[in-house]
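This report concerns only the one structure given below.
Each reported figure results from applying straightforward, stated rules to the coordinates on display, with no laboratory input. Everything numeric in this text was worked out from a predicted model, so none of it was measured.
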Amino acid sequence: NAGVTQTPKFRILKIGQSMTLQCTQDMNHNYMYWYRQDPGMGLKLIYYSVGAGITDKGEVPNGYNVSRSTTEDFPLRLELAAPSQTSVYFCASSYSTLAGYNEQFFGPGTRLTVL
Amino acid sequence: GQQVMQIPQYQHVQEGEDFTTYCNSSTTLSNIQWYKQRPGGHPVFLIQLVKSGEVKKQKRLTFQFGEAKKNSSLHITATQTTDVGTYFCAASSNDYKLSFGAGTTVTVRA
């Protein structure tokens, strides 16, 4: 199993450009998450999904959009990139049920710089 | 989501010494998880605590959940260079969203 994979690893965008960060997991997890991590800070939840076709906002959703058409994929879309979106983006997945909440598996991250 | 505060933000430790990092919340938590992130890496799950007063050990690491389920600690004995990194606590209340603390970044002096 590859676990959680993310592409690209690095990207430089100009202000106002758009891009999609890709995330794929092969563990058949129902929950998927997008976080951003600013230097020296913890992780802030952007969006999450509890299953295909269902997404919801986290703490810092402004400027981002997501979709979840399959169990495996959870792409994050940045529209009109701004310097404030310079960060490291992590995708994560977990298998959780009403009976219990399990660990999150993280991808290697995408380092995004907006100039 | 739950707000969790972690202290200290930085921990500089002499190799072989012990240290503790703390995670505190103003509200009762359903569970708490701990993650470790090596420099330049991604967070990796260490452990989950669910029960009041629970204590779990992983070799030199001891994790504790407070009796009131509002705080947690991670104690590392005989620190080694392999312990370098940032340790995050993450908590949830009654949903499947985790709120991460800001982390304790550990450096080790050989």
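Over chain A, what is the relative contact order in whole percent, taking alpha-carbon pairs under 8 Å and six or more residues apart?
Result for chain A is 35 percent.
Give me the number: length gained by fully extending B:Ser52 to B:Glu15, i.e. 0.36 nm times residue separation minus the C-alpha to C-alpha distance, one decimal in nm.
Net length gain for the segment: 10.1 nm.
Could you work out which residue, out of A:Gly53, A:Gly40, A:Gly63, moves most in a Gaussian network model of chain A, that is, has the largest mean-square fluctuation with Cα springs under 10 Å?
In this elastic network of chain A, the residue with the biggest mean-square fluctuation among A:Gly53, A:Gly40, A:Gly63 is A:Gly40.
Take region B:13-110, compute every pairwise Cα distance, and split them into 5 Å bins from 0; I just need the percent in each bin.
Going out from 0 Å in 5 Å bins, region B:13-110 shows 3, 14, 25, 25, 18, 10, 5, 1, 0 percent.
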